[in-house]
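First up is the structure itself, then whatever we jot down about it.
The values are calculated or read from the model by the stated rules, or taken from the named source; none is laboratory data. Everything numeric here is computed off the predicted structure, so don't read it as measured data. Heavy atoms of the whole protein, side chains included, go into the accessibility calculation; ligands, DNA and RNA do not. Shrake-Rupley method; radii C 1.70, N 1.55, O 1.52, S 1.80 Å.
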Amino acid sequence: MEKIKSLRGFRDIYGDEVIRFRLIEDISRRYLELFGYKEIIIPVLENTGLFVRTIGDATDIVEKEMFTFTDTGGDSVTLRPEATAGMVRAYLETGMFAKERISKLFSIGPMFRHERPQKGRYREFRQVDVEVFGIEAPIIDAELIWMIYLILKSIGLAEYTIETNSVGCPECREGFKRLIVGYFEDKKQDLCEDCRRRLQKNPLRIFDCKSPGCKEISGSSPLLFDNLCDPCRVHFDGFLSHTEELNIPITVNKRLVRGLDYYTRTVFEVTSGGLGSQNAFLAGGRYDNLVQSMGGPPVPGIGFAIGVDRLSLLISTSVKKDGSTVFLAYLGDRAKGFIVPMMRLFTENNVKFFYLPDAKSLKSQMRYADSVGADTVLIIGDDEIDKGILIVRDMAHSSQTTLPLDLTNLIDNLKGLSKK
Ligand code: HAM
């Protein structure tokens, strides 16, 4: 029979990779809680309109990458390609906006984009998504960078670059759009088909195009950064001076653009040379008009997302052993009778306990004990039962001793041995 395989771009995360994912997510959670963030779990499936309206209909994500389908009720629904849109919807729908002056939220889970799969780019990937609602002051932009710095340090990542830019506000962008439409209009025949369309619909998206021809043309165009309005420039300078105070090296990249329409002012990306072409493993920015554009009050927002799959490619696994692991090796039916009482005893006392069901020989049991990382092996056979003892083998030192076969005091007796 033909085997059913996973879909292209979808994969199983197991073994060391699962440990790296957990490390990233656990450390992120710890720092997010330290900085006062609350976890929220939001749906994976939303109305298609949510993403079209927030991410923007002329973006690659909305034009090409969404898993959209009509459900049996006839509604167009989409597997979330990112979390910010859903977070804003939840912030409004739960009424949080009316109850809290500031909301600091995070959510961890899978996102879905129908991109061409390659190293670091999958159709299902995980994000740690972080959002702050209600702070306009640029100190929060710097606080996010500081938290990111601490998370990456704790994960053990040393080599990375934080790039930042300001993409301005609708006001400075309107003026700039007129400027660049003039610039691109002249070179229209050399733009790709998508960008010719974008020139009418959303000219700023041309900066996001990956086709070499368009890249070359936009590479020497005027820059929004040089045309920011005064309040946007003051805001960005404030952000930079706070990052200086914090002593975090951050590079201004005037050409940095983001592939989603909702951003305003500060945007940033964290990249690493170790990733090849998919080099951003974290990205985010401000979205000061998004809440209002979704029917809410004028609440500013800022956030970022860690691409867990990509960050996990950059760190080495360091499996920390937590607690000891006890293995029972038994010989004969009488000894087998100790499996259940020992399983109860050790697991009730939070000790990892292994045994090999249907074991045929001591050798196979010792091999299995090794493979599960047991540090103590208890060996019982008829002889030991007759003498009222059990053999305790210390796997790290390959040494053996005996203890009384007395389950009531076994845990304490084992602790006593390990202290010696
Ligand atoms: P984004 O830049 O689209 O931003 O994605 C954030 C991160 O998710 C990327 O830097 C990357 O590490 C990871 N990522 C994106 N696509 C893929 C993929 N196909 N395979 C593997 N990893 C991927 C956002 O999603 C915004 N919602 C971030 C944000 C939050 N902005 C404000 N708040």
Percent RCO, i.e. relative contact order, over the chain, from Cα pairs under 8 Å lying at least 6 residues apart: 15 percent
Contact order relative to length of region 19-145, as percent, for alpha carbon pairs under 8 angstrom and 6 or more apart: 24 percent
Region 1-127 - accessible surface per residue (Å², probe 1.4 Å): 56 Å²
Cα gyration tensor shape for region 64-193, rounded if a/c is under 1.5, else prolate or oblate: rounded
Shape category assigned to region 325-419 from the gyration tensor of Cα positions, a/c cut at 1.5: rounded
The chain - mean residue ellipticity at 222 nm from DSSP helices (-39,500 (n - 2.57) per run, n ≥ 4, rounded to 500): -11000 deg cm²/dmol
Entries in Lys38/Lys99; Lys188/Lys215; Lys363/Lys420; Lys104/Lys153; Lys64/Lys153; Lys64/Lys188 that, when Cα-Cα distance is taken, lie over 25 Å: Lys363/Lys420; Lys64/Lys153
Share, in percent, of DSSP beta bridges within region 325-419 that are antiparallel, nearest 5: 55 percent
Phi to ³J(HN,Hα) by Karplus 6.51 cos²θ - 1.76 cosθ + 1.60 over region 286-295, Hz, x for Gly, Pro: 7, 9, 6, 10, 5, 4, 5, 5, 9, x
Residues of region 325-419: accessible area per residue with a 1.4 Å probe, Å²: 58 Å²
Of all accessible heavy-atom area on the chain, the percent that carbon and sulfur account for (1.4 Å): 51 percent
Relative contact order computed over region 358-398 (Cα-Cα under 8 Å; 6+ residues apart), in percent: 34 percent
Gain in span if fully extended, Tyr368 to Phe67, counting 0.36 nm per residue against the direct Cα distance: 104.0 nm
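Determine the per residue accessible area of region 220-268 with all protein chains present and a 1.4 angstrom probe, expressed in square angstrom.
Here the residues of region 220-268 average 47 Å² of exposed surface.
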Cα convex hull of the chain, projected area averaged across orientations, nm²: 28.8 nm²
